[in-house]
Amino acid sequence: MWYFVSPDVVFGEDAISHLDEITGKKALIITDINMVNMGFSEEVKKHLSTAGLECQVFDSVESEPSIATVKKGAEVASSYRPEWIVALGGGSVMDAAKAIWVLYEKPDIQPEEINPFEPLQLRQKARLITIPTTSGTGSDSNWGFVLTDTSESRKLGLGCREVHADIAIVDPKFAAKMPPELTADTGMDALTHAIEGYTSGWKNDFSDGLCLKAIQLIFKYLPRAYRDGTDSEAREKMHNAASIAGLGFGNSMASIAHSTGHSLGALFHIPHGRAVGLFLPYAIEFAADISATNYKEIAHLLELETERLSAAASLARAVKSLAQDINQPLKIKDLGISYDSFKLSLPKLVSYADMDTQTVTAARVPTIDEYEKLFRYAYDGKTVDF
Amino acid sequence: MPIKFPSDEWIKALMQELNKSQAYRDAAKNWEGDFYFIVEPEGSLKEQTIFYMDLWHGECRSASIVKDEKEKNPEFRIWAPLSKWRRVIEKKLDPIQGLVTRQLKLKGNLMKIMKAPKAALELVNCCTLVPTDFPE
């Protein structure tokens with residue numbers, strides 16, 4: 001028994017005009033200051049006002065949103081009493097908006113208490129609209145979210161099946177102005193979602209097709225979107241791919257590129273997509289035997305060479321080659337982290353990864369020793385051979 | 001020789017497996033908390049069975065069948081019908097997935113459980129090592 005959860009997805013050029021048809025009285029837009037400065041929040045407000053809604057904007061979401069920020073956002077929501085929470089931004093905004101929405105609906109619970117085991121009974125006060133402005137997070141279309149516990153420098157992977165958007169508006173216009181580095185970081189995030197979603201221990205018939213389609217789109221369009229941000233076809237396909245991957249892995253979970261990436265990201269403040277993307281080839285190599293059939297299927301789809309190399313090795317090589325094309329780091333050393341600093345943090349890196357929820361959904365679950373080896377191999381860029 | 005489930009002999013065999021397992025010791029090294037695993041009657045199992053386990057820093061300090069639910073006051077209670085426990089023990093139902101889909105019901109500090117998902121996985125891995133005879 002398992003569930004497939006999805007918002008209504010409105011996608012493609014001018015998808016944002018769907019907001020004109022929303023019914024209600026008040027909406028709270030959750031966003032960050034960049035979205036305000038770029039005029040995106042104003043545009044969303046305009047559409048909501050066409051629909052007859054009054055709006056307020058909460059634009060204090062930072063990168064890697066903290067528990068304090070979401071509590072502040074929930075206070076704003078409680079005094080404004082919106083019927084719609086509208087998340088406009090990248091992954092951090094999506095994640096913060098989900099937590100703000102839950103706390104607005106259920107003021108008595110703490111953000112870190114949100115869990116997949118207990119029903120929340122949301123949608124008594126408001127519903128959620130997500131409008132992603134990066135092509136990677138997937139948080140717009142799934143029920144997971146990550147908050148940062150600043151006291152412990154630790155990321156908390158949280159989720160509940162009810163915490164998904166009612167409507168996801170996937171309009172490529174909002175991602176069109178991403179700079180190349182952000183395009184690359186977020187694109188690698190989407191690729192990691194798609195590959196891990198297809199190979200996790202919880203993969204399933206409903207998510208498989210979504211993950212495969214996303215992998216195909218990302219390999220084809222990410223280098224184009226990175227090289228030429230004005231390539232509107234590449235932008236649109238990547239925007240779709242990110243949400244498709246989000247929907248895919250959101251229903252089948254991820255694996256150890258995520259647990260290791262979360263850990264590295266939290267301790268060294270590496271952007272999420274860059275961190276998980278860096279670990280993806282190592283995660284593929286680590287699960288080469290146990291997920292051999294799945295990697296073969298992906299390799300076949302991408303027409304990769306599998307006669308002289310195993311499908312996993314070939315896929316890991318293709319991921320590295322794509323990462324190289326878009327100037328992404330291939331090893332931890334490339335991030336400018338000194339060996340001394342890495343070595344000092346290694347016990348914490350291992351322990352955080354080991355405790356991460358994505359560890360247990362991996363097809364091959366690493367032991368503590370294997371995690372340590374994985375980090376060491378990823379530091380030097382060595383092919384995983386254990 | 002398969003051990004009858006649910007029985008005191010079975011939970012003691014699981015305790016032995018846990019205390020032999022390095023993987024469990026590593027995964028649960030920070031864990032402090034005791035459990036009731038409650039097997040609800042189903043089919044030929046006519047009475048509820050309550051397993052008590054005291055799990056502490058990667059070690060199982062005690063394990064036994066408890067006759068009266070009031071006998072102890074563990075931090076966590078997980079309950080499910082016999083058929084669901086069987087699926088967990090035979091690794092046909094992932095315990096975390098079982099909890100998420102509420103096929104297994106949990107009472108206790110959920111935040112604490114969410115910080116130790118791997119310990120749950122290793123505990124189930126140890127269950128599979130106990131040769132088990134399930135009632136029909």
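The values are calculated or read from the model by the stated rules, or taken from the named source; none is laboratory data. It should be emphasised that the depicted structure is a prediction, and the values quoted were computed from it without experimental measurement. All Cβ positions, glycine included, derive from the backbone under ideal geometry; neighbour counts span all protein chains shown.
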Long-range neighbours under 8 Å by Cβ, at least six apart or interchain, first residue under 20 Å from A:Trp84 (Cα atoms) within region A:97-120, second at pLDDT 90 or above and among the basic types (Lys, Arg): A:Leu103/A:Lys71; A:Tyr104/A:Lys125; A:Glu105/A:Arg123; A:Glu105/A:Lys125; A:Pro111/A:Lys71; A:Leu120/A:Lys106
Within region A:326-380, work out how many residues are hydroxyl-bearing (Ser, Thr, Tyr) and either within 24 Å of the chain's Cα centre (by Cα) or within 14 Å of another protein chain (Cβ to nearest Cβ) (or both). 8
State which residue is surrounded by the most Cβ atoms within 10 Å (Cβ to Cβ) when the search covers only region A:162-177 and only residues that are within 16 Å of the chain's Cα centre (by Cα) and part of a loop (DSSP other than H, G, I, E, B). A:Ala165
Among the residues of region B:71-79, is there at least one that is within 14 Å of chain A (Cβ to nearest Cβ) and out of contact with any strand residue (DSSP E or B) (no Cβ under 6 Å at 6 or more places or on another chain)? no
Kindly indicate whether any position in region A:115-137 is under 30 Å from B:Lys105 (Cβ atoms), of a type in the set (Val, Ile, Thr) and either touching a strand residue (DSSP E or B) at 6+ places or on another chain (Cβ under 7 Å) or within 14 Å of chain B (Cβ to nearest Cβ) (or both). no
Of the conditions (1) touching a Pro at 6+ places or on another chain (Cβ under 9 Å); (2) more than 17 Å from B:Met15 (Cα to Cα); (3) of a type in the set (Asp, Glu), B:Asp54 clears all except one; give me its number. (2)
Could you go through region B:34-52 and let me know if any residue there is in contact with a helix residue (DSSP H, G or I) (Cβ under 9 Å, 6 or more places away or on another chain) and within 11 Å of chain A (Cβ to nearest Cβ). no
Restricting the search to region B:110-136, which residues are under 19 Å from B:Ala80 (Cβ atoms) and part of a loop (DSSP other than H, G, I, E, B)? B:Thr128, B:Val130, B:Phe134, B:Pro135, B:Glu136
Among the numbered conditions (1) within 29 Å of A:Ile109 (Cα to Cα); (2) more than 9 Å from chain A (Cβ to nearest Cβ); (3) over 15 Å from the mean Cα position of the chain (by Cα), tell me where B:Gly108 comes up short. (3)
When you go through (1) closer than 30 Å to A:Tyr226 by Cβ; (2) crowded, with 24+ Cβ neighbours inside 10 Å; (3) within 14 Å of another protein chain (Cβ to nearest Cβ) one by one for A:Ala87, which number turns out not to apply? (3)
Looking only at region B:88-102, and only at residues there that are surrounded by fewer than 18 Cβ atoms within 10 Å (Cβ to Cβ) and facing another protein chain (nearest Cβ under 10 Å), the one that is farthest from the chain's Cα centre (by Cα): B:Thr101
Filter region A:130-147 down to the residues that are within 14 Å of A:Lys98 (Cβ to Cβ) and either β-branched (Val, Ile, Thr) or not in a loop (DSSP other than H, G, I, E, B) (or both) and list them by number. A:Thr130, A:Ile131, A:Pro132, A:Thr137, A:Ser139, A:Asp140, A:Ser141, A:Gly144, A:Phe145, A:Val146, A:Leu147
Within region A:214-262, tally of residues that are in a helix (DSSP H, G or I), within 21 Å of A:Leu302 (Cβ to Cβ) and among the small types (Gly, Ala, Ser): 10
For region B:47-61, the count of residues that are under 11 Å from the mean Cα position of the chain (by Cα) and either at pLDDT below 95 or closer than 11 Å to B:Asp34 by Cα (or both) equals 5
